[in-house]
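Note sheet for the following structure.
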Amino acid sequence: MYKWQIEELKFQIGKLIQLHRLKRELSQLQLGNELNISSNHVGRIERAETNPTIEILILFCNFLEIDLLHLFTKLNEKELKKIESEIDQLQKEFKNQNKRKS
């Protein structure tokens, strides 16, 4: 059994939520509106600055279609780096899309 450090778990959960949000081409504001929570709260969760409640995690998982167990399955360093790289790429694409819209 793996023994979690709280900050590691918050970081992993935040990155996975951010990844799935960006894959759906949603801003933090759009996701917050869908879940009836503030975009600031979404951002704090993604940046691992707060502990989301189980109720909030269920909202994210149901809306983004993430298996709750996936959030709590320990990823190794290589897997986390891959997720961070994918997030960087999706953020660039997302910003480019928004530039074209304006």
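Taken together, the values in this text are just the output of simple stated rules run on the coordinates, not laboratory data. Just so it is clear, the model here is predicted, and its values are computed rather than measured. Here Cβ is always computed from backbone atoms with ideal geometry, including for glycine, and neighbour counts include all displayed protein chains.
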Modelled label-to-label distance, Thr53 and His41, 7 Å Cα→beta-carbon offset: nm? 0.8
When the dipole is taken about the Cα centre of the chain, and only Lys, Arg (+1) and Asp, Glu (-1) are charged at their Cβ, what size is it in debye, to the nearest 20? 380
Taking loop as defined by DSSP and a crowding limit of 15 other beta carbons within 10 Å, which trypsin sites (Lys or Arg not before Pro) in the range 51-100 fit? Lys74
Taking the Cα-to-Cβ direction at Met1 and at Glu79 and moving 7 Å from each Cα, how far apart do the two end points lie in nm? 1.9
Computed label-point distance, nm, for sites Ser27 and Leu69 using a 7 Å Cα→Cβ extension: 3.7
Before rounding to the nearest 500, sum -39500 (n - 2.57) across all DSSP H runs of length at least 4 in the chain and divide by the residue total; then give [θ] at 222 nm in deg cm²/dmol. -22500 deg cm²/dmol
Within the chain, excluding any GluC sites (Glu not before Pro) found in a DSSP loop (not H, G, I, E or B) and having at most 14 other Cβ atoms within 10 Å, the longest uninterrupted segment runs 66-102
